[in-house]
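Worksheet: one structure, shown below.
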Amino acid sequence: MAEIIDLSQEIYEGMPVYKSLPQVKMSVHNTHEEWNNIKNPTTSTPAVYKLELGEHTGTHVDALNHMAREHEGKSIDTMPLSMFYTEGICVDFSHKKFQELITSEDIQEALKKDNITIKKMILF
């Protein structure tokens, strides 16, 4: 069976966001202790966090209808799941410094160096 690897960015306060987007805010909404007065003590209690963030925060997918008027009606729920995964490869950029830009030329050179061929698509 194929292995699916989650490449999502962690969401946290202070994470990088585009300059015109809201900063991430996180807070505790309820703790287990706040539920101490429930009538049935055997009932499970939820700990609930509140997240405030823009829809473009972190790893996300823009539906086609969000990006262009001519795609009206092509909302995220109409896009097949197969658009969002593919076979994966691992490319070594460990020589890059923290937050150093990886260019398309860097990618092409690394693929050539490691004799890797892209089959269908590249997801970033």
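Residues in region 99-118 that are under 18 Å from Leu7 (Cβ atoms) and in a loop (DSSP other than H, G, I, E, B): Gln99, Ile102, Ile116, Ile118. Comparison of Asp92, Asp77 shows that the only residue that is of a type in the set (D, E, K, R), assigned to a helix (DSSP H, G or I) and closer than 29 Å to Pro16 by Cβ is Asp77.
Within region 79-92, is there a residue that is exposed (fewer than 10 other Cβ atoms within 10 Å of the Cβ), modelled with pLDDT under 85 and β-branched (Val, Ile, Thr)? No, region 79-92 contains no residue that is exposed (fewer than 10 other Cβ atoms within 10 Å of the Cβ), modelled with pLDDT under 85 and β-branched (Val, Ile, Thr).
Scanning region 67-78 for residues that are modelled with pLDDT of 85 or more and under 20 Å from the mean Cα position of the chain (by Cα) yields Ser75, Ile76, Asp77, Thr78.
Condition check ((1) of a type in the set (Gly, Ala, Ser); (2) more than 19 Å from Met121 (Cβ to Cβ); (3) without any contact (Cβ under 8 Å) to a residue 24 or more places away in the chain) across all residues:
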{"residue": "Ser20", "(1), (2), (3)": "yes, yes, yes"}
{"residue": "His32", "(1), (2), (3)": "no, yes, yes"}
{"residue": "Ala47", "(1), (2), (3)": "yes, yes, yes"}
{"residue": "Val61", "(1), (2), (3)": "no, no, yes"}
{"residue": "Leu81", "(1), (2), (3)": "no, no, yes"}
{"residue": "His95", "(1), (2), (3)": "no, yes, yes"}
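Annotation: Glu10 fulfils all but one of (1) surrounded by 10 or more Cβ atoms within 10 Å (Cβ to Cβ); (2) among the acidic types (Asp, Glu); (3) within 26 Å of Glu87 (Cα to Cα); (4) in contact (Cβ under 8 Å) with a residue 24 or more places away in the chain; the unmet one is (1).
The values are calculated or read from the model by the stated rules, or taken from the named source; none is laboratory data. Because the structure is predicted, anything quoted here is derived from the model rather than measured. Because the Cβ atoms are built from the backbone with ideal geometry, glycine has one as well, and the counts that use them run over all protein chains shown.
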